[in-house]
Every structure is written in C-alpha cells, then in structure tokens.
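Readers should treat all values here as calculations from the given coordinates under stated rules, not as data from a laboratory. Here the structure is a predicted model, which means the values were calculated and not measured. Cβ placement follows ideal geometry from the backbone for every residue including glycine, while neighbour counts extend to all protein chains displayed.
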Amino acid sequence: MFQPTDRSGPASDPDAEARRTLLALCWPEGRKSCPRCGAGAPYQLAGGRLRCGGCRYTFHDFTGRWLNEAGLSPRQWIALARAFAREATAREAAAELGIAYNTAYKALTVLRLALLAQEPDAPQLLAPGAPLAPLAPGGDGTLAPRGADLPVYGILTGPAEVFVDLLPELTAASVLHFMRNFRLGVARHGGVIITDRYKSYDALILCADETLPWNEPPRRRDVVYAESGACPFWDFARPRLRRFKGLSCLRFPLYMKELALRFNMRGADLLPVALTALCAPTPHFAPSPAGASTPEQREQEREHDADDQTGDDGKGEGEATPADEDIAGQTEQRKTRQTKTSKQRSRGRRVRQDEQQSHERHAQAKENQSAPQSSHAPIPPSTD
C-alpha cells in the first residue's frame, strides 16, 4: 500500500504532508521550472506563487497539471485517489471526503482523464475532434458524436494484457450494417452493445443512444464470443459497468479504459499510479486524423482508404471481411449516387435551356407576324 513519506515526524500537519507528497511527484528532481517556457529557477513571490525569470509567467506549484483541474486540496486529492483505487463510486467518495457529489464526480473524471493521458493511444481519444475532446481541459468545443456517428471500440486480448482500442474506421452505423447484412452476432445490455468476434478482436463494443434504430431486429440477443466465457476481461468488466448509473455515450470510453487498466493491474495497488498521473502536466495534443470523430473526416478517410481496404492485403481469395465488403459497397453506392445526381442536374439544365429557347422562338415569331401588319397599314383618305 502506498503511504506518503513522513518528513516531519509524527506531529506533522496532514495537509502539509499531503502537499509535500504531491510536490515530490510533480518535481521528482527537486528543481522547479516554468510550465509555459520550461525555463528553470523561477523566483518566489508572496502567497507561494512563482514567477519565471524568462517569460515573466506567474504560476504556482500545480499550475498546468491535472491537480489544478478540480479545486481539491492536496489532502483531498490523496483521499480521492485512495477511494478510486478501491473502486468507490462518486457518491461514496463524496461522503468520505465531505464534498459535494458534483465535485467528486468532476474530480473522478479528471483522475480518469489523467490516467488515460498516460496511455500510448491518448491522442486518438483526447486530441481535438476525438471522442473525448469535449471532456479534455479547455475542451475545443467539439460536439460529442451521436447516433450513427458514435465511435466503436475493439476488445483485444493479448498474451499478458487486454487492450480497448478505438476503431476510427468504424461507427455505430457500420455495426448496424454488419448486424443486418452479415448476421454479425450482437448482445445488448441497456445502452451497451457488444458483438461477436471481428477480425483479431474478441468483440466490438459501443454505447448507443436513443437515436439509433436498435429495434431492428427488436433487441436481438445472440450468444457472442465474449459472453461464452472465452473473454475474461468482459467477465471482469460487465458487472462493473452496471455500477455506473446512467452510463453516457461520451464517458463510455473513459470507463472502458479504466476497466482495462484495473484488469491489467489485478492484485496491484492503483494508488501510486493514480497520484503519478494526477501530478503529470496536462497534455496538449495536435489534431489527429486517426482520432477524428466528425462525419466529414471519417468520410474522407473512407474514400482515401477504400482501395487499400478492398485490395490484396494478404488474405486468401474469398476471405473478405464484413468491413472490407462494407467499405467497398459504401464507396460504390456513393459513386452511383454522385453519378445519378450529376445526370439529373444535367438533364434539368437541358430542360430549362430548351424551355427558354422555345419561349424565345415564340416571342420572335409573334414579333415577325406583327411587323408586316404595321408596315402595310391602310393610309387614311386625304381630306383635300
């Protein structure tokens, strides 16, 4: 069990000791630096603030770190991390810390984001335009995907670890298409949809919202590979997902990544991992096409990769997967629609041009008929 280092004897102040513990994790070498320009040796100001001698930026010990995102004291952060390590809910953590439920809920979200930021695939999920970008510090204003554009994740069991990967080439619409046209087995648990095996993945999984037509076929329940006892991670994760009341589509990947971490660290103490993640600087990811979640970006990716996905990729003849056939079919349908639309527009322009020319011919004919009558008008008799 992780215990803060006591440097002041048994009578030390718990708040001061908690602060020293977190400072040691923030500055492991003991040398502070500017979070903006990275220059070292800032000088001290009143009230515990620091100022960079290079860019003149004023900051404090936890500026630019996850610890600065929820307004908790160092002692509260350590207590919250302990509650998280033993899988306490937000309501239980709020009661234990003596804080409001909303504050505990926000702080636990920050802690989950901090843990996710340490993963190799963090840019895919946290970069601007990615599924979790609205939750990241200083969110980019991206609206969370909904309906057919909801992201899909794959559960992959490795030799020693389990991985939950974002599959940017797939959306909820793709899974619905596989289910209807390729008889991909699915099982539904509330809003959570899990499928049968897909390529090298034990299952595809997503959290559906009320806009998806999952009543076609009505709440079908197939026996999928992950629920046959062959996927220990799903046996571990499924009962824990039930504890998240009102599971939202936006936070679903956050919970799945947390459960993958807990599964991979079974029997180990999560407290030092959680505190180290909280003391890390908040990252700033550049926009990543691989993590893009907008329909326009996904459409461009599908068009760009359609030939590669449907071409020779090492599979034998007749071994095309549902994704390959789906991408090829969608590309062909899109080209057919574009051709049909172009022909309809051309036909409409020709019809309008013909009508305009016919109208001009009729007008010209009327003018020609009236011209002789006016030139040969009878001359009135002379009055002489």
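Structure above, values below:
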read-out: Convex hull volume per residue in cubic angstrom - Cα atoms of the stretch 145-249; value: 100
read-out: Residues residue 57 and residue 211, FRET efficiency given R0 of 41 Å [Cβ-Cβ distance, rounded to 0.05]; value: 0.35
read-out: Per-pair calculated FRET efficiency, R0 = 30 Å: residue 266 and residue 73 via Cβ, rounded to 0.05; value: 0.45
read-out: Length-normalised contact order for the stretch 129-171 - Cα pairs under 8 Å, 6+ apart - percent; value: 28
read-out: R0 of 45 Å, Cβ-Cβ distance residue 182-residue 353: FRET efficiency to nearest 0.05; value: 0.45
read-out: Amide N of the stretch 45-80 lying under 20 Å from the label point, which is placed 7 angstrom from the Cα of residue 37 along Cα→Cβ; value: 45-46, 49-65
read-out: Potential lengthening between residue 245 and residue 45 on full extension [0.36 nm per residue; Cα-Cα distance subtracted]; value: 67.5 nm
